[in-house]
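A.B. asks: Here it is, the structure, as structure tokens.
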Amino acid sequence: MSNEEEKKHPNENITISAEGSSAEDETANDPGELVESTVAPAISQPGMILFPFALTPLVLDNPKVISLIEKAAAGDRLITVFPEMPDKDSPMSDVQGIELNVSEFDLDDKKVSATGVLCRLVKSLRFPDGTVRVLMRGLSRVRFVESLGENDSRVRVERLAQTADNSIETVAMVRNAVKQFQEIISFSPNFPEELKIAILNLTDNTRIVDLIADTINISYLEKLAILTLPALQERLHLLTILLNREVEVLRLGSEIQSQVHNAMSKSQREFFLREQLRTIKEELGEGTRNPDVVNIQERMGKLDLPEKVAEILKKEIERLDMIPQAAAEYNIAYTYIDWLLSVPWNNFTEDRLDVREAARILDRDHYGLKDIKERILEFLAVLQLKKDRKSPIICFVGPPGVGKTSLGKSIAEAMGRKFVRMSLGGIRDEAEIRGHRRTYIGALPGRIIQGLKKAGSSNPVFMLDEIDKLGNDFRGDPAAALLEVLDPQQNHAFNDHYLEVDYDLSSVMFIATANITETIPDPLLDRMDIVRLPGYTATEKLHIAEQFLIPRQLKENGFTGRDVSITADATNEIISYYTREAGVRQLERTIGQVLRKLAREIVEGKRTESKTVVDVAEIHTLLGARKFLMDEAMQKPEVGVATGMAWTSVGGTILQVEAVSMPGKGELKLTGSLGDIMKESAVAAFSYVKGHSKELGIDPALFTKRDFHIHVPDGATPKDGPSAGVTLATALISLLTGKPVRTDYAMTGEINLRGKVTVIGGVKEKAIGALRAGIKNIILPMENKKDLEDIPEDVLNQVHFHFASTLGEVLEMMLLNPPGTPPEAAEKTASAPKRAKIPKPDTK
């Protein structure tokens with residue numbers, strides 16, 4: 001310790017300590033013999049194992065450990081380092097087939113090995129970030145004896161001495177270990193050459209083992225095993241196994257690297273030889289043709305290609321013939337040529353222009369849908385007159401399950417064209433439409449060109465399904481790419497990024513489908529003819545079930561050849577009380593559920609009769625209690641509750657508007673997931689009621705003394721649009737006048753601040769939804785009287801339509817006398833209702 005010196009760095013936060021004494025004279029004699037007892041501070045460093053005679057750098061950030069280091073630096077500079085024990089997932093019982101039994105004790109709430117290393121602090125360096133870098137020199141293995149107290153960080157240890165083992169077996173194992181270590185150094189350029197010389201100059205076998213173990217790349221558990229094994233031969237045995245493994249791994253890695261290098265050299269050599277061979281054969285006139293090129297030219301000769309495509313193909317074929325087949329560019333060039341040949345440039349199918357046959361096919365596959373069928377037949381008639389292949393671009397808009405996609409297949413069959421379907425739901429990459437440029441690895445044409453290749457013709461019926469569910473992100477906007485595809489003035493020269501040749505899409509009949517139009521960009525919507533498919537009425541659903549759904553489900557559930565039937569009343573029961581939808585998808589699933597339960601009873605022997613008829617009672621037995629109580633929603637008129645109508649992506653429906661008041665300052669609160677437009681309608685209705693309170697018989701003082709709350713139930717469903725204005729106003733006026741609102745009526749219409757009821761949309765869907773909910777009287781704006789022409793006949797026969805131009809007319813029809821009205825007054829009101837002044841519309 002007399003050689004210790006302390007140097008102060010110019011930065012006052014950094015202190016460098018150094019000592020020049022060596023620990024080489026601290027050796028031991030017999031394995032396991034206890035020769036000296038020492039007291040020294042004890043630490044453990046996670047993930048680090050120190051060996052005797054080795055210099056090891058450590059980075060310390062634990063304040064307690066740093067304090068111990070500073071105290072040791074001021075004293076005898078001795079530190080005992082104990083390795084942490086591995087967790088329970090890494091048991092110490094077996095390492096490379098060697099049984100281990102390591103004693104342990106608790107140090108700073110951690111399990112550490114009882115065998116450690118007594119070290120001398122050589123250097124310490126404090127950094128401004130609070131960490132301390134130290135350099136430790138291992139002196140000897142030690143064994144934990146006892147702690148000196150709870151508040152004392154020092155422990156008593158006993159040094160483990162080693163006797164020089166120069167037996168033949170030990171010498172042989174040491175020489176083998178040194179040889180393998182030198183081989184590892186030769187494979188690893190990271191090890192300095194001086195290390196090989198140092199290992200050869202060592203004569204102490206124990207030091208050789210510890211130096212090798214400290215140097216090679218082995219696991220923490222394996223290093224711990226070498227440190228704690230008591231006998232030198234046991235350590236040598238384990239070290240030999242680990243060295244053999246490392247040598248094999250390094251040899252294998254070297255072989256793989258050599259093989260890769262040889263393969264690259266061989267490929268380059270073959271390239272030059274092939275080029276020389278081809279040049280020689282061309283000089284001798286003995287050149288052989290590439291079979292791929294021959295095949296491509298044969299295919300090209302059989303096709304009617306546009307002139308520009310033929311020119312590009314000739315250039316690409318010449319280029320392909322010059323590229324070696326082993327080159328990566330060869331496959332890229334060949335794939336591009338193959339796509340140019342596979343696209344149906346001038347291949348068209350003959351259209352079936354027989355309008356009567358087309359009508360028969362459409363009627364066979366779909367019930368109803370009169371407007372859509374007429375639109376298709378009109379297009380076929382125009383084709384018959386024009387004799388060209390220009391096709392319209394149609395967008396079917398309607399709720400799920402009404403047959404939009406299946407209608408596209410029927411149109412293709414009716415016209416005698418191929419059918420291709422492309423789902424646009426969730427597409428966010430513009431390249432899905434236009435394709436990738438050939439500079440990208442794995443580039444392909446867009447899905448438009450891929451669909452045409454699949455169809456094999458240039459005039460298929462191409463269905464763009466779920467066009468309202470397109471997305472966009474940093475990769476581009478697919479909707480913008482579709483603008484060119486769906487524009488009749490541009491799509492005759494559609495340019496795919498992969499083909500880089502204009503393709504004529506004007507003969508393709510594009511049919512898009514959507515549930516709503518609000519999410520479709522306006523420029524894209526403007527390029528399509530919108531054809532709306534409303535929800536089906538109960539009568540239409542019954543016909544569809546009897547003609548299509550029940551026969552299909554009987555076949556799918558194994559009832560072919562069996563006498564099984566479902567009565568019309570049972571089908572109506574399912575339609576009215578077990579499904580609530582605009583389409584028929586849930587209806588078909590429910591019919592399938594009935595037949596599956598029936599099939600199980602037949603298989604289990606519960607049904608033995610030869611003929612099975614499913615009636616209403618059978619439906620209740622198989623499906624359980626009714627799921628929807630359609631006619632019991634609003635039986636009793638209530639104050640402040642009005643029934644409106646809405647049009648959603650799944651068809652028309654009714655909604656209840658509730659209004660209540662409470663002490664306050666005249667504020668209006670709106671809840672129920674209402675959109676901005678609907679909130680504005682509520683504010684307009686509230687302002688109208690406040691402005692006309694005297695005319696309505698409402699005390700104006702109420703608007704300064706009470707707050708009002710309007711709620712539209714089913715709060716999880718977003719709602720928006722202006723058509724609930726009359727419903728909101730009616731609910732408020734009912735609340736303020738105490739007059740109940742009729743429950744057998746539903747209303748729709750936008751209201752302005754003058755009390756005018758203005759036109760709204762979706763009349764057909766709303767009427768069907770109201771009828772489905774059991775409403776038989778509907779109030780519409782007078783301007784919507786023209787829309788009765790679009791209402792299905794069976795709806796007109798079941799629903800009475802009433803029209804109003806002002807909110808006053810609506811109130812005359814909707815508000816009843818308040819409870820407690822004298823009988824003579826009520827009788828007088830009932831005998832001469834003001835709404836009788838409104839002429840009843842001709843609904844036929």
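The values are calculated or read from the model by the stated rules, or taken from the named source; none is laboratory data. Since this is a predicted model, take the numbers as computed values, not measurements. For neighbour counting, all protein chains shown are included, and Cβ atoms are generated from backbone atoms with ideal geometry for every residue, glycine included. With ligands, DNA and RNA removed, areas are computed over all heavy atoms of the protein, side chains included. Shrake-Rupley method; radii C 1.70, N 1.55, O 1.52, S 1.80 Å.
A.B. asks: State all residues of the stretch 177-204 that are touching a residue at least 60 places away in the same chain (Cβ under 8 Å) and open to solvent by 60 Å² or more (accessible area, probe 1.4 Å); if no residue qualifies, say none. Break it down into steps so the answer makes sense when it comes.
C.D. replies: The initial filter retains those residues of the stretch 177-204 that are touching a residue at least 60 places away in the same chain (Cβ under 8 Å), namely 177, 180-181, 183-184, 187-188, 204.
F187 - this is the single residue of the stretch 177-204 that is touching a residue at least 60 places away in the same chain (Cβ under 8 Å) and open to solvent by 60 Å² or more (accessible area, probe 1.4 Å).
A.B. asks: Name the residues in the stretch 129-143 that are open to solvent by less than 40 Å² (accessible area, probe 1.4 Å) and not β-branched (V, I, T), would you? Please lay out each step first, then the result.
C.D. replies: Kept after step one, since they are open to solvent by less than 40 Å² (accessible area, probe 1.4 Å), are these residues of the stretch 129-143: 130-132, 134, 136, 138-142.
G130, M136, G138, L139, S140, R141, listed by residue number.
A.B. asks: Going through the stretch 431-453 one residue at a time, which ones are free of Cβ contacts under 8 Å to residues at least 24 places away in the same chain and more than 24 Å from R417 (Cα to Cα)? Give the derivation first.
C.D. replies: Narrowing the stretch 431-453 to residues free of Cβ contacts under 8 Å to residues at least 24 places away in the same chain: 439-442, 450.
Within the stretch 431-453, T439, Y440, I441, G442 meet the criteria.
A.B. asks: Can you tell me how many residues within the stretch 409-453 are closer than 21 Å to I376 by Cβ and assigned to a helix (DSSP H, G or I)? Explain how you work it out, then say what you get.
C.D. replies: Going residue by residue through the stretch 409-453, those that are closer than 21 Å to I376 by Cβ are 409-422, 451.
Retained after the next criterion (residues that are assigned to a helix (DSSP H, G or I)): 409-415, 451.
Final tally of qualifying residues: 8.
A.B. asks: Looking at the stretch 351-369, I want the residues that are open to solvent by 50 Å² or more (accessible area, probe 1.4 Å) and have a partner that is assigned to a loop (DSSP other than H, G, I, E, B) with Cβ atoms under 7 Å, at least 6 apart or on another chain. Which pairs are those?
C.D. replies: R352/G416
A.B. asks: Applying the selection to the stretch 479-497, what residues are within 30 Å of E316 (Cα to Cα), in contact (Cβ under 8 Å) with a residue 40 or more places away in the chain and open to solvent by less than 10 Å² (accessible area, probe 1.4 Å)?
C.D. replies: A481, L482, V485, F494, D496
A.B. asks: OK, next. Considering (1) assigned to a loop (DSSP other than H, G, I, E, B); (2) modelled with pLDDT under 85, say which one A625 fails and leave the rest.
C.D. replies: Going through the list (1) assigned to a loop (DSSP other than H, G, I, E, B); (2) modelled with pLDDT under 85, A625 breaks only (2).
A.B. asks: A follow-up question, please. Can you name the residue in the stretch 316-330 that is within 43 Å of the chain's Cα centre (by Cα) and free of Cβ contacts under 8 Å to residues at least 12 places away in the same chain and, of all such residues, is surrounded by the fewest Cβ atoms within 10 Å (Cβ to Cβ)?
C.D. replies: Our first condition is that a residue be within 43 Å of the chain's Cα centre (by Cα); within the stretch 316-330, this holds for 316-317, 319-320, 323-330.
This time we only want the ones that are free of Cβ contacts under 8 Å to residues at least 12 places away in the same chain, so: 323, 328-330.
Values: I323: 16, A328: 8, E329: 11, Y330: 16.
Out of the qualifying residues, it is A328.
A.B. asks: Among the candidates P460, P551, single out the residue that is open to solvent by 20 Å² or more (accessible area, probe 1.4 Å), under 22 Å from E413 (Cβ atoms) and at pLDDT 90 or above. Before the answer, list the steps.
C.D. replies: Working: P460 fails: open to solvent by 20 Å² or more (accessible area, probe 1.4 Å).
Residue meeting the stated conditions: P551.
A.B. asks: Under the condition of being of a type in the set (D, E) and within 39 Å of the chain's Cα centre (by Cα), which residue from the stretch 670-726 is modelled with the highest pLDDT? Outline the logic, then answer.
C.D. replies: Our first condition is that a residue be of a type in the set (D, E); within the stretch 670-726, this holds for 676, 680, 695, 699, 707, 714, 720.
Right, trim to within 39 Å of the chain's Cα centre (by Cα) and you get 676, 680, 714, 720.
Numbers: D676: 88, E680: 91, D714: 73, D720: 78.
Among those residues, the one meeting the criterion is E680.
A.B. asks: Out of the residues in the stretch 214-253 that are assigned to a helix (DSSP H, G or I) and of a type in the set (S, T, N, Q), state the one that is surrounded by the fewest Cβ atoms within 10 Å (Cβ to Cβ).
C.D. replies: Within the stretch 214-253, the first condition is being assigned to a helix (DSSP H, G or I), and the residues that meet it are 214-215, 220-228, 232-253.
Now drop any that are not of a type in the set (S, T, N, Q), which leaves 215, 228, 233, 240, 244.
Working: T215: 16, T228: 22, Q233: 15, T240: 16, N244: 13.
Among residues in the stretch 214-253 that are assigned to a helix (DSSP H, G or I) and of a type in the set (S, T, N, Q), the one surrounded by the fewest Cβ atoms within 10 Å (Cβ to Cβ) is N244.
A.B. asks: Just checking, how many residues over the stretch 750-762 are farther than 19 Å from T806 by Cβ and either open to solvent by less than 30 Å² (accessible area, probe 1.4 Å) or touching a His at 6+ places or on another chain (Cβ under 8 Å) (or both)?
C.D. replies: So the first thing to find is which residues in the stretch 750-762 are farther than 19 Å from T806 by Cβ, and the list is 761-762.
Filter once more, so that each one left must be either open to solvent by less than 30 Å² (accessible area, probe 1.4 Å) or touching a His at 6+ places or on another chain (Cβ under 8 Å) (or both): 762.
Residues that pass the stated criteria total 1.
A.B. asks: Additional query: K308 fails exactly one of the following numbered conditions: (1) out of contact with any strand residue (DSSP E or B) (no Cβ under 9 Å at 6 or more places or on another chain); (2) exposed (fewer than 13 other Cβ atoms within 10 Å of the Cβ); (3) within 21 Å of G446 (Cα to Cα). What is the number of that condition?
C.D. replies: Checking K308 against (1) out of contact with any strand residue (DSSP E or B) (no Cβ under 9 Å at 6 or more places or on another chain); (2) exposed (fewer than 13 other Cβ atoms within 10 Å of the Cβ); (3) within 21 Å of G446 (Cα to Cα), the one that fails is (1).
A.B. asks: Now for a separate question. Quick one: count up the residues across the stretch 692-739 that are open to solvent by 30 Å² or more (accessible area, probe 1.4 Å), in a helix (DSSP H, G or I) and closer than 29 Å to G762 by Cβ.
C.D. replies: Residues in the stretch 692-739 being open to solvent by 30 Å² or more (accessible area, probe 1.4 Å), in a helix (DSSP H, G or I) and closer than 29 Å to G762 by Cβ: 1 in total.
A.B. asks: So which of I376, I467 ends up being closer than 20 Å to I530 by Cα, modelled with pLDDT under 85 and buried (at least 19 other Cβ atoms within 10 Å of the Cβ)?
C.D. replies: Values: I467 fails: modelled with pLDDT under 85.
Result of the check over I376, I467: I376.
A.B. asks: Which of (1) more than 30 Å from K71 (Cα to Cα); (2) open to solvent by less than 20 Å² (accessible area, probe 1.4 Å) does N166 not meet, given it meets every other one?
C.D. replies: With respect to (1) more than 30 Å from K71 (Cα to Cα); (2) open to solvent by less than 20 Å² (accessible area, probe 1.4 Å), N166 is out only on (2).
A.B. asks: Please specify each residue of the stretch 204-230 satisfying the condition of being polar (S, T, N, Q) and closer than 13 Å to L242 by Cβ.
C.D. replies: Within the stretch 204-230, the first condition is being polar (S, T, N, Q), and the residues that meet it are 205-206, 215, 217, 219, 228.
Scanning the stretch 204-230 gives T215, N217, S219.
A.B. asks: Follow-up question, since we're still on this one. Filter the stretch 558-577 for residues that are modelled with pLDDT of 85 or more, over 22 Å from A625 (Cβ atoms) and surrounded by fewer than 18 Cβ atoms within 10 Å (Cβ to Cβ) and give the result.
C.D. replies: G558, S565
A.B. asks: Further, regarding this structure: If I go through the stretch 673-691 residue by residue, how many of them are open to solvent by less than 50 Å² (accessible area, probe 1.4 Å) and free of Cβ contacts under 8 Å to residues at least 40 places away in the same chain? Give the steps one after another, and end with the answer.
C.D. replies: First, the residues of the stretch 673-691 that are open to solvent by less than 50 Å² (accessible area, probe 1.4 Å): 674-675, 678, 681-682, 684-686, 688-689.
Within this subset, residues satisfying the condition of being free of Cβ contacts under 8 Å to residues at least 40 places away in the same chain are none.
Of the residues in the stretch 673-691, 0 are open to solvent by less than 50 Å² (accessible area, probe 1.4 Å) and free of Cβ contacts under 8 Å to residues at least 40 places away in the same chain.
A.B. asks: Additional query: Among the residues that make up the stretch 254-263, is at least one of them touching a helix residue (DSSP H, G or I) at 6+ places or on another chain (Cβ under 8 Å) and within 30 Å of A327 (Cβ to Cβ)? So that I can check it myself, show each step before the final result.
C.D. replies: Our first condition is that a residue be touching a helix residue (DSSP H, G or I) at 6+ places or on another chain (Cβ under 8 Å); within the stretch 254-263, this holds for 254.
Checking the rest, the ones that are also within 30 Å of A327 (Cβ to Cβ) come to 254.
Yes, some residue in the stretch 254-263 is touching a helix residue (DSSP H, G or I) at 6+ places or on another chain (Cβ under 8 Å) and within 30 Å of A327 (Cβ to Cβ).
A.B. asks: Still on this model: Quick one: which of E793, E789, E827, E812 is over 26 Å from E374 (Cβ atoms) and either at pLDDT 80 or above or open to solvent by less than 50 Å² (accessible area, probe 1.4 Å) (or both)? Reasoning before the result, please.
C.D. replies: Values: E793 fails: over 26 Å from E374 (Cβ atoms); E789 fails: over 26 Å from E374 (Cβ atoms); E827 fails: either at pLDDT 80 or above or open to solvent by less than 50 Å² (accessible area, probe 1.4 Å) (or both).
Going through E793, E789, E827, E812 in turn, the sole match is E812.
A.B. asks: A follow-up question, please. Got a number for residues in the stretch 59-75 being surrounded by 19 or more Cβ atoms within 10 Å (Cβ to Cβ) and part of a strand (DSSP E or B)?
C.D. replies: 1
A.B. asks: May I ask you to say which residue of R438, R532, R475 is under 30 Å from the mean Cα position of the chain (by Cα), more than 18 Å from S342 (Cα to Cα), open to solvent by 10 Å² or more (accessible area, probe 1.4 Å) and modelled with pLDDT under 90? Can you show your working first?
C.D. replies: Working: R438 fails: more than 18 Å from S342 (Cα to Cα); R532 fails: under 30 Å from the mean Cα position of the chain (by Cα).
Answer to the check: R475.
A.B. asks: Kindly establish whether R375 is of a type outside the set (S, T, N, Q) and in contact with a strand residue (DSSP E or B) (Cβ under 7 Å, 6 or more places away or on another chain). Let's see the steps before the verdict.
C.D. replies: Values: of a type outside the set (S, T, N, Q): yes; in contact with a strand residue (DSSP E or B) (Cβ under 7 Å, 6 or more places away or on another chain): yes.
Yes; evaluated as a whole, the condition is true for this residue.
A.B. asks: Could you please give the count of residues in the stretch 139-175 that are in a loop (DSSP other than H, G, I, E, B) and under 19 Å from S44 (Cβ atoms)? Write out each step before concluding.
C.D. replies: In the first step, residues of the stretch 139-175 are kept if they are in a loop (DSSP other than H, G, I, E, B); the result is 148-153, 162-167.
Retained after the next criterion (residues that are under 19 Å from S44 (Cβ atoms)): 148-153.
Qualifying residue count for the region: 6.
A.B. asks: The conditions are (1) buried (at least 21 other Cβ atoms within 10 Å of the Cβ); (2) over 20 Å from A73 (Cα atoms), and E146 fails exactly one of them. Which is it?
C.D. replies: (1)
A.B. asks: Exactly one of (1) of a type in the set (A, V, I, L, M); (2) open to solvent by 40 Å² or more (accessible area, probe 1.4 Å); (3) without any contact (Cβ under 8 Å) to a residue 60 or more places away in the chain is unmet by I516. Its number?
C.D. replies: The one condition I516 does not meet is (3).
A.B. asks: Can I ask one more? Within the stretch 386-408, take every residue that is charged (D, E, K, R) and part of a helix (DSSP H, G or I) and give me the one that is surrounded by the most Cβ atoms within 10 Å (Cβ to Cβ). Please lay out each step first, then the result.
C.D. replies: Looking only at the stretch 386-408, we keep the residues that are charged (D, E, K, R), and these are 386-390, 404.
Those left that are additionally part of a helix (DSSP H, G or I): 386, 404.
Numbers: K386: 9, K404: 26.
Result: K404.
A.B. asks: Considering the stretch 519-554 alone, what residues qualify as being within 20 Å of A480 (Cα to Cα) and either touching a residue at least 24 places away in the same chain (Cβ under 8 Å) or touching a Gly at 6+ places or on another chain (Cβ under 7 Å) (or both)? Full working, then the answer.
C.D. replies: Just the residues of the stretch 519-554 that are within 20 Å of A480 (Cα to Cα), to begin with: 519-530.
Across the stretch 519-554, the qualifying residues are T519, I520, P521, P523, L524, L525, R527, M528, D529, I530.
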